[in-house]
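Notes follow the structure.
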């Protein structure tokens, strides 16, 4: 992963910002979420089902666990989220995924 698909800087994972994309052709739109995301309103990230999609979904699952009022929607269905759900469950535990669902 990288900061941008065409910028060879490392992805950012700090106390106030998560920002990453795939690299070169494995990238699409940059995923970025900051500590003031609730104040920002609507945002989105299209991944075109490229490999970094699983990381985007995992981040959103974890965010939804800690901030249940955020709305998470998807062009896909819950089946498309299963790989990320499995990763989060394996690393962080069932409590992070047990109530997860995508919003309408």
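No lab work stands behind these numbers, since they all come straight from the coordinates. Quantities reported herein were computed from a predicted structural model and do not represent experimental measurements. Reconstructed Cβ throughout: ideal geometry from the backbone, glycine too, with neighbour counts over all protein chains shown.
Structure values in brief
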quantity: Residues of the range 11-28 satisfying the condition of being more than 16 Å from residue 67 (Cα to Cα) and surrounded by fewer than 17 Cβ atoms within 10 Å (Cβ to Cβ); calculated: 12, 13, 14, 24, 25, 26
quantity: Matching helices (runs of 4 or more DSSP H) fully within the range 1-102 where at least 3 residues are touching a helix residue (DSSP H, G or I) at 6+ places or on another chain (Cβ under 8 Å); calculated: 53-66, 78-92
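So that you can scan it fast, the table gives a plain yes or no per residue for (1) in contact (Cβ under 8 Å) with a residue 12 or more places away in the chain; (2) surrounded by 11 or more Cβ atoms within 10 Å (Cβ to Cβ):
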site: 9; (1), (2): no, no
site: 34; (1), (2): yes, yes
site: 66; (1), (2): no, no
site: 84; (1), (2): yes, yes
site: 101; (1), (2): yes, no
